[in-house]
1. Distance between the C-alpha centers of the stretch 160-189 and the stretch 32-63? Whole Å please.
2. Once phi is turned into ³J(HN,Hα) by the Karplus curve 6.51 cos²θ - 1.76 cosθ + 1.60 with θ = phi - 60°, what whole-Hz value does each residue of the stretch 20-35 show in order, with x for glycine and proline?
3. Return one number: the angle in degrees, 0 to 90 and rounded to the nearest 10, between the long axis of the Cα atoms of helix 318-338 and the longest principal axis of the Cα atoms of the chain.
4. Can you tell me the 0 to 90 degree angle between the C-alpha axis of helix 123-149 and the longest principal axis of the chain, rounded to 10?
5. Per q in 0.12 Å⁻¹, report the Debye log10 I(q)/I(0) for the stretch 168-221, using one uniform scatterer on each alpha carbon and no solvent.
6. For K154, which sequence-distant residues (separation of 5 or more, or a different chain) have an amide H within less than 5 Å of its own amide H, given hydrogens modelled in the peptide plane?
7. If you average the alpha carbon positions of the stretch 310-346 and of the stretch 223-278, how far apart do those two centres end up, in angstrom?
8. Sequence-distant or interchain residues sharing an amide H contact under 5 Å with L269, placed H: which?
Amino acid sequence: MKKIFVFCPANITSGGPEALHQLRYYMEKCGIDAWIVYIGSHKKEEKPVIPERYTHFFQSEKKCMWEDDYIDCSDNLIIMPEFFSQKLLHYHKSSKAIWWLGVLAYDGRKIYLDDSWLLQFSPIMRILKKIKYNLKYSIDCIKSSYLYYIRHVKNYCASQFAYEYVMEQQHQKACLLVEPISKEFLDAGRVEYVNDKRKDAVLYNPSKPSKLMDLLLERKNFEFVPLRGYTAQELVNIYREHKLYIDFGKFPGPERIPKEAVYNGCNILVRKHNASVNNFDVAIPDKYKITDITNLEMIENKIREMLSNYEQQFKDFEGFRGKIVALEDDFEKAITLLFKDYIGEA
């Protein structure tokens, strides 16, 4: 019987693991026998504990196991996130695929050492560290080539940014497979109207730090609200009480919170970097994407402008809201198309 096994880090609640649980859930919904395989240390005979945040992705049977309980079999397909891609080398019988949730955490990516960081070491140690990391990258390239050309690993990408990286940098074929926002937000419904009673405080995500955000917080020219420690329902309420969400992080992927914020009626201001550069992953007008992150006064003026003109600018984000609404249906269609050989096995 054909099955799909989605490998996922254990005991971590963040965007990546949530996407992996979503994938298994929607696969099962499409008629596929899909399992989560948790990667992490555990006691012998201990059963995996599904984080409470993800229990709703298992409607009946808790289809999950530890990595060391997985049986390598030619009927199986393993889907591995890009940050664990080299684990695929351990499995010789199963079909294999990488789901690129981002790019920056890819375990085969070349690491560029920061010159200022290297200055703390002696000249000899600097040379040795450069040799070490270059050697690691050379070995990783050999491993990646083996996976692609000998083991015929497939690539699925959760963003246009990752898709372009795989196609242009890895020189491999890829297919888009973009997950929707969380079910709790979809169930709350899309905000399609302007609420003029929203607050002028600015929302931000402290788990995605940046030097620019630190400077803005130090200057104290706005009331900032950190999005930390809230349930999904509490986040819905907070989004719908405020006008603006800002994110000046690295954007290794499209990021979930900008999508959640826009879906719930916030306008957003982001740094134009990595995944936010293209108009597929962060589908907002360029005037809401900051390129010069050194000009604090210009950025603060932009924040003031967006707070003052929330109602007028609301329509500028309508296209992105519509795209977010369509993600769930598009995700199910992509699963049905890409994994059609596994449907009917659940």
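The values are calculated or read from the model by the stated rules, or taken from the named source; none is laboratory data. Computed from a prediction, not measured in an experiment: that's the story for all the values here. In this analysis, Cβ positions are derived from the backbone assuming ideal geometry, glycine residues included, and neighbour counts consider all displayed protein chains. With ligands, DNA and RNA removed, areas are computed over all heavy atoms of the protein, side chains included. Shrake-Rupley method; radii C 1.70, N 1.55, O 1.52, S 1.80 Å.
1. When both Cα centres are located, 23 Å separates them.
2. Computed from phi, the couplings for the stretch 20-35 are 5, 5, 4, 4, 4, 4, 6, 5, 4, 4, 8, x, 9, 7, 10, 10 Hz.
3. The angle comes out near 10 degrees.
4. The helix 123-149 is inclined about 70 degrees to the chain.
5. -0.67
6. The answer is K96, A97, I98.
7. Between the Cα centre of the stretch 310-346 and that of the stretch 223-278, the gap is 18 Å.
8. Y245, I246, D247
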